[in-house]
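This report refers to the structure that appears directly beneath it.
The values are calculated or read from the model by the stated rules, or taken from the named source; none is laboratory data. Remember, predicted model here, so these are calculated numbers, not experimental data. Virtual Cβ from ideal backbone geometry, glycine too; neighbours counted across all protein chains shown.
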Amino acid sequence: MENPYRWIWQYARRSRWQIWLASGLIILNAVSVVVVPLIGGLLVDQVITQRHLERLVPLLVTMVGVTLLRTIMRYGYIMLWERVGQNALFDLRHDLFAKLQSLDYPFFTRVTNGDLMARLTGDTDAIRHFLCWVTYNTAECLLWFLTAIVVMARISWPLTVALVLVTPLIGWLTTRMSREAHQVFFNIRQSFARLNAMVEENISGNRVVRAFARESYEIHKFQQYNQDYRDQNMASAAVSRRYLPALDFLAACLAVIVLLFGSWLVIQRQMTLGDLVAFNGFLWLLNQPMRMSGWLINDIQRFSAATIKIKSLLEAQPTLTPAQSQSAPAIQGAVRFEHVDFAFPDAPAVPVLMDIDFAVQPGQTVGILGETGSGKTTLMNLIARFYDPTRGRVLVDGRDVRHWSEAALRNQITIVTQDLFLFSDSINDNINYGNPVATPAFIRRMATVADAHDFITALADGYDTVVGERGVGLSGGQKQRISLTRALVKNPRILILDDTTSALDMETEATIQRRLQAVTRHKTVFIIASRIASLRQADQILVLRHGRIVARGTHEQLIAQNGYYAETYRRQLGALTTTKGGRAHDHAEHG
Amino acid sequence: MTTRNTANQDETLKRHFNWHDYARLGHYLRPYTVRLVLVLGSILIGNVAVVLGPFLMKLAIDQAIPQRNLPQLGALGAVFFISLLIAWACFRYRIWAITAIGQNLLIDMRTDLFTNLQRLPFAYFDTRPHGKILIRVVNYINTLSDLLANGLVNLISDVISVGVTLAFMFAINWRLTLDSLGLIPLLIIWAYVVQKKQRTAFRELSNKQSNLNAYLHESIAGIKVTQGFAQEAAATANFDAIADDNRQAYMRAVKIQYALSPGVQNISTLTTALIYFIGIQQLGVVVSTGTLIAFIGYVNNFWNPVINIGNFYNSLITATTYLERIFETMDEQPTVRDADDAFDLPPVKGDVRFRNVCFQYEADGPLILDHVSFHARPGQTIALVGPTGAGKSTIINLLARFYNVTSGQLTIDNVDSQRVTLASLRSQVGVMQQDTFIFSGTIMDNIRYGRLDASDADVLRAAKVARADDFIQTLPAGYQTVVQEHGGSLSAGQRQLIAFARVLLADPRILILDEATAAIDTQTEALLQAGLAELLKGRTSFIVAHRLSTIRQADQILVIDHGQIVEAGRHAELMAQRGVYYELYDSQYRLLQATE
């Protein structure tokens, strides 16, 4: 695994001037830590003992001045480090978000939304904390430690050596702690992600929870996730409990060594009493870093554990290889499938599409009928290259979609999915999502085509009405019409309507279809529908069953074939005929 | 409709943090009083070692060294060592106990918040981005554990330290003590100035964090739309703008937050200088050299805990901005809730009656339902027909009491539905909604959500009736296939079949199908109908469907338009009336036939 420090340096290095400046200030500050105790000594020696009263005020002014300077410097470098941390966090979040945008469907079927959220919030926060707190605290500790050794060795090197002998023991403890803490913190991150995911789903699925009166079940489930999170934190406390007090104890033992060995040295006249007092005064510079080491190790391991999941997200590769071409030429709208097979990457043994072969001329309308799960939506996803076929080719304008740039395809092919998603934003901004420069007039015209204009203007704030996330609060039919408008405003060359009007009554649907014909005359249109009324005008109708095209032709041809299509037609018609005296039946036979 | 909040818009705060909320925090700490006292004890005992060190050193310097008394020196070392061992044990206990208290506190608060969230109506979730709710339950509360457990105990120990030190100082020299307290007002002014700005800054920051979470959540949930419309670059630019807001707000907040401690340090040094100045002026008159040096030491001892208290205060201010939001959500009152004297609805036969029911979302809003009356007898199938937005879904929402009726009465088995508990009502009313939601987990568990104690065989049976079994069997792992929220690789129709099986498994007395089969193909639907006919027997059911073919067998067809029942009757009767229903039916017929 790549070293997490080298990795985070890529982000921190962009603020390297701030880092240099901050480092300079840290060193100045750490060295000047000895000034105030020294002034204290001078006050005692010169002013009190030797009665140089004229030096009192200058010394006091120096003391106050140095403290002021030191606090300003410290504030300065804390702010600089915070800035470094924020800049790195910003860049990191940007990279993560951009990465998410580039990942394809197979990736999103493997992870929960809550897990992704946790990586961009909690995990990045651990990294921020590392950059803007752990860094300078570690630097301070190291500098204090070194300053202490230099100053104390000048006073008495045997005593200093005796103290430094404890260091390997501390090093050994921190190394062990480091190893144990890493796994524990990783478990905490994982548990946090699960908790996040559980709450996220509870909020998103609140309608189902209410409808089944499952509130207490959800609370119970929540508590289990909570308890797991607590247990993971307690496991971390167990590691801390093993090492932190031990480190503290060792650091405090330095004072015992000074007391015993130092006094012995004084008794042996190898050191003066005054030196011992001075030495003792500097002791905190040595043992404070030792005390802190355990806490810092904890923070460092928390950081290191957080980088694992962030790096795995940054390194995730889309399964689809990007196209060579980056140009985005205009699409005419010819679509051809050449013996296409498809299976989902996570279930390669289950064929979803088999030997799909058809051709569509620019401007044609293609209807697709098929059973639930027969592969209709998948078929459409192959055109916009949300997936690649496992065998065969999909061609747009005679060119393999794998050779089109993604931008060319996505800008000119629009799918109105069954899965309706609206952003929590105004209806207007939802509609012009794919075409932010669309004029209000154009938006109105397209909304009228989708039969959305009337109900939108009937809302209190009209087009400025803010809708809830996923479009909650609107009826299914309203959402369908807004997302249809959104696709029309995008004005693509190829328009794919995936069961877009299923939640509308048939009359509205018929109105929309009629108006659609006028605006899609030059577009290639695919219509997936289960109502024959939506399909019958198509130039070509494909009937899909179990992933194969079992029949194709116009409405009349398919009725004549008397297969699945005709059967569906009779069922829909037949359902309406009992009281109408079999009129439909007659017609079907004649058609 | 109430105003909705969006991802790039700060939320307004209904009520600011006040003293009452501290009491409320105290309420969460109460169960841990004994443990907190023990922790406090362990800190105080542990501190003895800290205090003992300098004292032992003093003894060594004053007595053992001048007298070259090696045994005494050894004894001093031994005492010191033992006190350190005790400190070790105390520290071990403290780490464990503090984490336990903090984590349990988190559970308590989260559970309260989450429990209230379960009581809130759809409208609460519909009017704000979900990421903003999520951040309150998960992230905000996380920030509190350390403050409440560790912070509080340290605060108490610091206050005790300050008190003890002050007592020593007064004992040594009360005049110098008063002098050294002279700068305290400066400290208070400084703390006041900082906290005012800090509170505003952190409130701003918490808003920005909430916005970021909201945008993030929505972007992940809506990734397919973003990619489908090739708006990745625009989304990233939006995200950057929100992340940059966050960065700016954060920097503003820490600039203020970190200003407190330099102020305190400078005041502390000024005090030391002041004591030197006054002390040396009066040296020999009122103060001895030894006293002055000891006093300077105590002044330092006094300021260390004061700096710590300042830091605690600092994090408390930060935390209150989160607490405001947490308490706000905890206090949110559901509009639909159990009455004080609500009772459990006994098992019902399924007699449903609407008497002059009117409904509007807000008092001054438009009338969504206008004096709707009908009577569904046990076992009947009622079909609701009418254009989009006519009020069909509202009738259904009232039935399951997702909303309360504005006026009129809704009774089930002659019991007013507003008088019974929601759980007892909803467990007998099964709704299959337009929006199908799939939880991440196995298909088996998703169906079992309808009845948690159902056996695998029960689940299979429901799936068979719902015609979901066929496609589930073709999946590689069958019923154990793991699906993600929003379905992943399942088609919309397949998701509806799973949701259908879920409702069937719940086996409700009153069954509501709200456009339940829109995404399902005709053949599957026909098969479904066959199974359904069996299932509808003995249940009162309400069916909303646009395909009139699905509702022909209904015992009553209610034609709804503009919030009113405009026609009611059986299919044959309504056809004979040649009214609205006939028109609807005929137009569908013609559309299909397209004879013109």
Among residues belonging to the stretch B:321-369 that are part of a loop (DSSP other than H, G, I, E, B) and acidic (Asp, Glu), point out the one that is farthest from B:Arg119 (Cα to Cα). B:Asp351
May I ask you to list the residues in the stretch A:255-282 that are among the β-branched types (Val, Ile, Thr) and surrounded by fewer than 17 Cβ atoms within 10 Å (Cβ to Cβ)? A:Ile257, A:Thr272, A:Val277
Out of the stretch A:359-386, which residues are under 21 Å from A:Leu516 (Cβ atoms) and assigned to a loop (DSSP other than H, G, I, E, B)? A:Gln361, A:Pro362, A:Gly363, A:Gln364, A:Ala384
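The rows are residues; the columns are (1) part of a helix (DSSP H, G or I); (2) more than 25 Å from A:Arg93 (Cβ to Cβ); (3) of a type outside the set (A, V, I, L, M, F, W, C).
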| residue | (1), (2), (3) |
| --- | --- |
| A:Leu120 | yes, no, no |
| A:Phe130 | yes, no, no |
| A:Thr138 | yes, no, yes |
| A:Leu143 | yes, yes, no |
| A:Met152 | yes, yes, no |
| A:Leu159 | yes, yes, no |
| A:Pro168 | yes, yes, yes |
| A:Ser178 | yes, yes, yes |
| A:Gln183 | yes, yes, yes |
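A quick yes/no check of all residues on (1) on the phi > 0 side of the Ramachandran plot; (2) more than 32 Å from the chain's Cα centre (by Cα):
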{"site": "B:Ile447", "(1), (2)": "no, no"}
{"site": "B:Arg451", "(1), (2)": "no, no"}
{"site": "B:Asp470", "(1), (2)": "no, yes"}
{"site": "B:Pro476", "(1), (2)": "no, yes"}
{"site": "B:Ile512", "(1), (2)": "no, no"}
{"site": "B:Asp521", "(1), (2)": "no, yes"}
{"site": "B:Ala526", "(1), (2)": "no, yes"}
{"site": "B:Gly538", "(1), (2)": "yes, yes"}
Is the stretch A:171-180 home to any residue that is over 30 Å from B:Arg128 (Cα atoms), within 14 Å of chain B (Cβ to nearest Cβ) and at pLDDT 90 or above? yes
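Yes/no per residue for (1) of a type in the set (Asp, Glu); (2) at pLDDT below 85; (3) crowded, with 20+ Cβ neighbours inside 10 Å:
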| position | (1), (2), (3) |
| --- | --- |
| B:Gln248 | no, no, no |
| B:Arg252 | no, no, no |
| B:Gln257 | no, no, yes |
| B:Ile309 | no, no, no |
| B:Ser315 | no, no, no |
| B:Thr321 | no, no, yes |
| B:Ile326 | no, no, yes |
| B:Pro334 | no, yes, no |
Given the conditions (1) part of a helix (DSSP H, G or I); (2) within 13 Å of chain B (Cβ to nearest Cβ); (3) more than 24 Å from A:Phe303 (Cα to Cα); (4) not acidic (Asp, Glu), report the number of the one that A:Met79 does not fulfil. (3)
Can you find even one residue in the stretch A:409-422 that is in contact with a helix residue (DSSP H, G or I) (Cβ under 8 Å, 6 or more places away or on another chain), crowded, with 21+ Cβ neighbours inside 10 Å, over 21 Å from A:Asn491 (Cα atoms) and hydroxyl-bearing (Ser, Thr, Tyr)? no
Return the total of residues in the stretch B:55-71 being in contact (Cβ under 8 Å) with a residue 12 or more places away in the chain and more than 7 Å from chain A (Cβ to nearest Cβ). 1
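Residues checked against (1) under 34 Å from the mean Cα position of the chain (by Cα); (2) not aliphatic (A, V, I, L, M):
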| residue | (1), (2) |
| --- | --- |
| A:Tyr136 | yes, yes |
| A:Val150 | no, no |
| A:Thr167 | no, yes |
| A:Thr174 | yes, yes |
| A:Val199 | yes, no |
| A:Arg214 | yes, yes |
| A:His220 | yes, yes |
Please find, within the stretch A:215-226, the residue that is surrounded by the most Cβ atoms within 10 Å (Cβ to Cβ) out of those that are more than 7 Å from every other protein chain (Cβ to nearest Cβ) and in contact with a helix residue (DSSP H, G or I) (Cβ under 8 Å, 6 or more places away or on another chain). A:Tyr225
Determine, yes or no, whether B:Ala123 is farther than 30 Å from A:Phe249 by Cα, touching a residue at least 24 places away in the same chain (Cβ under 8 Å) and in a helix (DSSP H, G or I). yes
Among B:Ala233, B:Ala214, the single one that is crowded, with 23+ Cβ neighbours inside 10 Å, of a type in the set (A, V, I, L, M, F, W, C) and modelled with pLDDT under 90 is B:Ala214
Qualifying residue in the stretch A:244-259 (condition: closer than 30 Å to B:Val420 by Cβ, assigned by TED's automatic domain parsing to the domain that holds A:Leu173 and modelled with pLDDT under 95): no
For the stretch B:427-447, enumerate the residues that are within 7 Å of chain A (Cβ to nearest Cβ) and closer than 16 Å to B:Glu515 by Cα. B:Val431, B:Gln433, B:Gln434, B:Asp435, B:Phe437
Only one residue in B:Ala49, B:Ala87 is at the interface with another protein chain (Cβ under 10 Å from one of its Cβ atoms), modelled with pLDDT under 90 and in a helix (DSSP H, G or I), so which one is that? B:Ala49
Filtering the stretch A:98-118 down to residues that are more than 17 Å from B:Asn142 (Cβ to Cβ) and in a helix (DSSP H, G or I) yields A:Ala98, A:Lys99, A:Leu100, A:Gln101, A:Ser102, A:Tyr105, A:Pro106, A:Phe107, A:Phe108, A:Asn113, A:Leu116
For the stretch A:55-76, indicate whether the set of residues that are part of a helix (DSSP H, G or I), loosely packed, with under 15 Cβ neighbours inside 10 Å, without any contact (Cβ under 8 Å) to a residue 24 or more places away in the chain and among the small types (Gly, Ala, Ser) is non-empty. yes
Report yes if some residue within the stretch A:462-477 is modelled with pLDDT under 85, closer than 25 Å to A:Arg536 by Cα, crowded, with 24+ Cβ neighbours inside 10 Å and not hydroxyl-bearing (Ser, Thr, Tyr); otherwise report no. yes
State yes or no: is A:Ile8 closer than 23 Å to A:Asp275 by Cβ and either more than 7 Å from every other protein chain (Cβ to nearest Cβ) or part of a helix (DSSP H, G or I) (or both)? no
Matching residues in the stretch B:471-485 - criterion: being without any contact (Cβ under 8 Å) to a residue 24 or more places away in the chain, outside any loop (DSSP other than H, G, I, E, B) and at the interface with another protein chain (Cβ under 7 Å from one of its Cβ atoms): B:Thr474
Can you tell me how many residues in the stretch B:185-219 are more than 11 Å from chain A (Cβ to nearest Cβ) and touching a His at 6+ places or on another chain (Cβ under 7 Å)? 0
Residue tally, condition at pLDDT 85 or above, assigned to a helix (DSSP H, G or I) and more than 9 Å from chain A (Cβ to nearest Cβ), over the stretch B:501-528: 3
Quick check on the stretch A:166-179. Is at least one of its residues aromatic (Phe, Trp, Tyr), surrounded by 15 or more Cβ atoms within 10 Å (Cβ to Cβ) and farther than 30 Å from A:Ala278 by Cβ? no
For the stretch A:159-170, pairs from a residue that is within 14 Å of A:Ala148 (Cα to Cα) to a residue that is in a helix (DSSP H, G or I) and not hydrophobic (A, V, I, L, M, F, W, C), with Cβ under 8 Å and 6 or more apart or across chains, are A:Leu159/A:Gly262
